[in-house]
Amino acid sequence: MVTPSVVPPSQWRREQGLILAEEKRITRELDALAARRRRMPAMAVEKDYVFEGADGPVTLLDMFEGRSQLIVYCFMWHEGAEPCSGCALFTDNVGELAHLNARDTTMAWSSPGPLADLHAFRDRMGWQIPWYSAQGNTFHDDFDAGTGFALNVFLRNGNDIYRTYFTTSRGVERLGSTWTFLDLTPLGRQETWEDSPDGHPQTAPYTWWRLHDDY
């Protein structure tokens with residue numbers, strides 16, 4: 001094994017302090033970037049999409065489950081091929097969805113494969129996620145997943161739906177926690193310290209956190 005150089009504690013603390021200062025600077029930059037996302041214009045979703053869910057046909061509006069925000073991860077799926085290990089690794093790293101739900105946000109998965117196959121794989125992996133089949137619609141093509149993978153964020157105002165964010169490739173690598181997902185949404189974490197447009201819902205930080213079975 002190749003090990004790093006070993007230095008006295010005082011030197012190690014100096015080096016660690018430099019790294020920590022740089023990390024804090026980048027954190028502040030990420031906060032500023034999230035504030036810009038919350039001010040991005042939106043794109044109206046004008047096409048009606050119908051997916052197959054566990055209980056039958058489901059529209060994109062249904063996927064919100066009555067909440068204001070929806071994050072959809074397009075899981076790569078090629079018929080007859082092994083499920084995408086990268087998408088599976090991403091899904092393994094997604095946190096408890098109850099925390100997102102507590103912030104008026106739903107997260108769902110979509111794939112262009114047969115629902116029975118998607119749910120069989122979900123059961124094999126032990127995931128507790130809403131997963132819908134996009135077979136027969138153009139959702140993945142229209143929202144830049146194509147035959148690959150992507151993550152899109154949507155906002156609902158009554159029955160009107162708007163696309164507010166998109167990322168793919170290495171853009172999903174740092175995601176997984178409740179905070180990183182909320183930072184992608186137009187409403188953000190909804191905490192008072194955030195730089196958000198006037199009128200956005202906000203509460204004091206920490207006060208909304210619960211054990212996930214206690215919401």
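The values are calculated or read from the model by the stated rules, or taken from the named source; none is laboratory data. All values reported here derive from a predicted model rather than from experimental measurement. Using ideal geometry, Cβ is built from the backbone for each residue, glycine included, and neighbour counts are taken over all protein chains shown.
Laid out as a table, the results:
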{"read-out": "Lone qualifier among ALA34, ALA21 - being of a type in the set (A, V, I, L, M) and closer than 24 Å to PHE149 by Cβ", "value": "ALA34"}
{"read-out": "Subset of segment 113-130 (residues that are without any contact (Cβ under 8 Å) to a residue 60 or more places away in the chain and in a helix (DSSP H, G or I))", "value": "ALA116, ASP117, LEU118, ALA120, PHE121, ARG122, ASP123, ARG124, MET125"}
{"read-out": "Residue match in segment 81-102 (condition: at positive phi and in contact (Cβ under 8 Å) with a residue 12 or more places away in the chain)", "value": "no"}
{"read-out": "Conditions (1) within 24 Å of GLY66 (Cβ to Cβ); (2) exposed (fewer than 15 other Cβ atoms within 10 Å of the Cβ); (3) of a type in the set (A, V, I, L, M, F, W, C): number failed by ALA204", "value": "(1)"}
{"read-out": "Hey, GLY95 of a type in the set (Gly, Ala, Ser) and modelled with pLDDT under 95 or not", "value": "yes"}
{"read-out": "Pair list, Cβ under 9 Å, 6 or more apart: segment 189-208 residue over 17 Å from ASN101 (Cβ atoms), other residue small (Gly, Ala, Ser) and not in a loop (DSSP other than H, G, I, E, B)", "value": "GLU194/ALA34; GLU194/ALA35; ASP195/ALA32; ASP195/ALA34; ASP195/ALA35; SER196/ALA35"}
{"read-out": "Within segment 131-184, strands (runs of 3 or more DSSP E) holding 3 or more residues that are within 10 Å of the chain's Cα centre (by Cα) and either among the aliphatic types (A, V, I, L, M) or closer than 17 Å to PHE51 by Cβ (or both)", "value": "150-157"}
